[in-house]
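Participant: What follows is a single structure, and I will ask about it in a moment.
The values are calculated or read from the model by the stated rules, or taken from the named source; none is laboratory data. Owing to the predicted nature of the structure, the values given are computational and were not obtained by experimental measurement. Because the Cβ atoms are built from the backbone with ideal geometry, glycine has one as well, and the counts that use them run over all protein chains shown. For accessibility, only protein heavy atoms count, side chains too; no ligands or nucleic acids. Shrake-Rupley method; radii C 1.70, N 1.55, O 1.52, S 1.80 Å.
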Amino acid sequence: MIGLISATAAGAAARDRLAAAWPERTRVYEGPVGDAVRAAFGECEQLVCFLATGAVVRLVAPLLGDKVSDPGVVCVDEGGRFAVSLVGGHGGGANELAREVGELLGAEPVVTTATDSVGMAGLDTLGLPVEGDVAAVSRALLDGEPVALRVESAWPLPALPVVADGSYTVRVTDRAVQPAAHEVVLRPPSLVVGVGASKGAPVDEVLALIEDALREAGLSPRSIAELATIDAKAEEPGIVAAAERLGVPLVTHSAERLAAVTVPNPSDAPLAAVGTPSVAEASALISCGELVVPKRKSAMATCAVVRRPARGRLAVVGLGPGARDLLTPRAKAELRRASVLVGLDQYVDQIRDLLRPGTRILQSGLGAEEERARTAVEEARKGQAVALIGSGDAGVYAMASPALAEASDDIDVVGVPGVTAALAAGAILGAPLGHDHVSISLSDLHTPWEVIERRVRAAAEADIVVTFYNPRSRGRDWQLPKALAILAEHRAPTTPVGVVRNASRPDESSRLTTLTALDPATVDMMTVVTVGNTATREIAGRMVTPRGYRWQQEEAR
Ligand code: SAH
């Protein structure tokens, strides 16, 4: 919950805008501001104070505990010009909140934590538990001091600007090591703890068994990803409470699945009770990792620990047609989440400034599609966070399908949609896609012309609006006239045709013409061509495909 506190009429007005925009997320605190701030500080995860920073500093100072548990506090000035992230920039999410509030109120977000202001991943914002001297190592990263990365358990981290050797270290490990001086230890969620318990096993016994197992194996409880057990024990109070206290999810598996896992220490007791010769070892080994603690027992519980292999992350990101403001915020976030970027050199240039320092860039020239797809998947399988980029939407005549054809289920795949050329062009032309439409690529490099022609003919017969991608290049000049001739067999010579070149790029141009008047020589590979259906009209210089008379009638009813 976000607590909202204001003192003046202007503050209350801005406060009410926030409350109206986020009714589920916010609560308004009325009354004297001192009492309101104290109450909200105790009850909310975040505060937005429409008060001077000085006033808020004095009010919250006595309440501050530590940056992990304190709420994030944002101040908005009387004029509504600035949203200042005051405390809890990372842990309390105040930096992000300042940006959101800024966006909503039209205020400039003010963020002063160093890692954010230079666009670097804060070591405490990576989503992994972190130990050690975060402040010193972050400062070293910022100052460009040599910081070494020691990865003992691979994990798909965002880029960190690190070197092979240095006096500061970022260490990624699930082993129970104490961070040295000038060292930060990141805890990847690499351990799966399988547990079994008899009915009524006390939580303290289950927890003690797990903690002993990890301690003897030299592993950190902060790297536990999940507890795993059999479906039949999904509600067993001791197991449920152990997962809760460790702050990890409890995952359960069926007896059949567990029985199919080969384990080193099967036994007859669980076989008789729940139908599988192993609960603890089998539940842990389902994650396909290496058994680091074989089954051990207490009076009423069993546990086993597996280290699972890192799951790499492949984000397939559409960059949109060109203009920066048509790149979605989600695409931007994924580019900053990656440590490896794979793409065509001209697209890499388009977004290079968005990448975090230290991002490894694997760029290649036109044509090397399959190699790019393979590279991206290979990097992800090594446990990296990879972004594979494409213009427009990366799934439309682009990299998503060759990449996913290569990918196995041992990596996570995240798709980010982008504004594809047909949509960018449609918005420039007017509303050509107002009714059914298709896209057809005229490139016969990978598709036989007969197939393309059959599809053009089907679209022509079905009276569907058609957008041609890859319409014409120096070596491919007869396909577009041929396709237009097929459409002309079913559409009037005056059918509107929109030609858009470099949509949303600096040298954008567009033309509205007709089926017979279109000069194919004006079309190249930077162009899409949208041909209307028999209902499409030019209205006030814009291309409009009506949604249909019947629909308008229904609407009126
Ligand atoms: N994935 C891309 C399409 C790749 S195919 C997308 O979703 O947009 C390449 C073809 O897309 C080009 O030959 C051209 O026809 C079209 N194209 C891509 N970007 C364009 C733009 N900004 N303006 C006009 N056409 C574009």
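Participant: When only C-alpha pairs under 8 Å and at least 6 residues apart count, what is the relative contact order of the range 221-322, in percent? Before the final figure, lay out the partial values.
Facilitator: Numbers: 143 pairs, mean separation 20.0, N = 102.
Reported as a whole number, the value is 20 percent.
Participant: Now for a separate question. By its C-alpha gyration tensor, with a ≥ b ≥ c as the square roots of the eigenvalues, how is the range 433-498 shaped: rounded for a/c under 1.5, else prolate for a/b larger than b/c, else oblate?
Facilitator: Taking the square roots of the gyration eigenvalues as a ≥ b ≥ c, the range 433-498 is prolate.
Participant: Ok, one more. Quick check: convex hull of the Cα atoms in the chain, volume per residue, rounded to a whole Å³?
Facilitator: Numbers: hull volume 130.0 nm³, N = 557.
So the per-residue hull volume is 233 Å³.
Participant: Mean 1/r over all different Cα pairs, inverted: what Kirkwood radius does the range 313-419 give, in Å? Mind showing how you got there, number by number?
Facilitator: Details: mean 1/r = 0.0761 Å⁻¹.
After inverting the pairwise mean of 1/r, the radius is 13.1 Å.
Participant: While we're looking at this one, here's another question. Between Thr513 and Ala55, what is the label-point separation in nm under the 7 Å Cα-to-beta-carbon projection?
Facilitator: Computed distance between label sites Ala55 and Thr513 equals 6.5 nm.
Participant: Got a number for carbon plus sulfur as a percent of the chain's accessible area, 1.4 Å probe? Could you put the intermediate results ahead of the total?
Facilitator: Details: 13470 of 25970 Å².
Carbon and sulfur atoms account for 52 percent of the accessible area of the chain.
Participant: Oh, and also: Can you order the peptides 279-286, 179-186 by their average number of other Cβ atoms within 10 Å per residue, highest first? Working shown, then result.
Facilitator: Values: 279-286: 28.0, 179-186: 19.2.
Descending mean neighbour count gives 279-286, 179-186.
Participant: Show me 380-389, 422-431 ranked by packing, highest mean number of other Cβ atoms within 10 Å first. Intermediate results must be reported in sequence, preceding the final value.
Facilitator: Numbers: 380-389: 24.2, 422-431: 22.0.
Top of the packing list down: 380-389, 422-431.
Participant: With all protein chains present, calculate the accessible area of Leu47 using a 1.4 Å probe and round the result to the nearest 10 Å².
Facilitator: We get 0 Å² for Leu47.
Participant: Using 1/(1 + (r/R0)^6) with R0 = 25 angstrom and r between the beta carbons of Leu63 and Thr112, what's the FRET efficiency to the nearest 0.05?
Facilitator: On the way: r = 20 Å, r/R0 = 0.82.
Computed FRET efficiency for Leu63 and Thr112: 0.75.
Participant: Got the relative contact order for the chain handy, in percent, Cα pairs under 8 Å and 6 or more residues apart? Can you show the working numbers first?
Facilitator: Numbers: 1225 pairs, mean separation 47.7, N = 557.
That works out to 9 percent.
Participant: Follow-up question, since we're still on this one. Round to the nearest 0.05 the FRET efficiency obtained for Ala176 and Glu256 when R0 = 51 Å and r is the Cβ-Cβ distance. Could the numbers behind the result be given before it?
Facilitator: On the way: r = 35 Å, r/R0 = 0.69.
Taking R0 as 51 Å, the efficiency between Ala176 and Glu256 is 0.90.
Participant: Output the peptides 33-39, 189-195 sorted from most to least packed, where packing is the average of other Cβ atoms within 10 Å over each peptide's residues.
Facilitator: Details: 33-39: 17.1, 189-195: 27.0.
Going from most to least packed, we get 189-195, 33-39.
Participant: Also, I was wondering about something else. Using the Kirkwood formula on the Cα atoms of the range 127-186, what hydrodynamic radius do you get, in angstrom to one decimal?
Facilitator: Values: mean 1/r = 0.0874 Å⁻¹.
Computed over Cα pairs of the range 127-186, the Kirkwood hydrodynamic radius comes out at 11.4 Å.
Participant: Quick one, what does Rg over Rh come out to for the range 2-112 if you take C-alpha atoms and the Kirkwood Rh?
Facilitator: Numbers: Rg = 12.1 Å, Rh = 13.3 Å.
Ratio value, two decimals: 0.91.
Participant: If Lys and Arg each add +1 and Asp and Glu each add -1, what is the summed charge of the other residues whose beta carbon sits under 15 Å from the beta carbon of Ala234?
Facilitator: Cβ neighbours under 15 Å give a net charge of -2.
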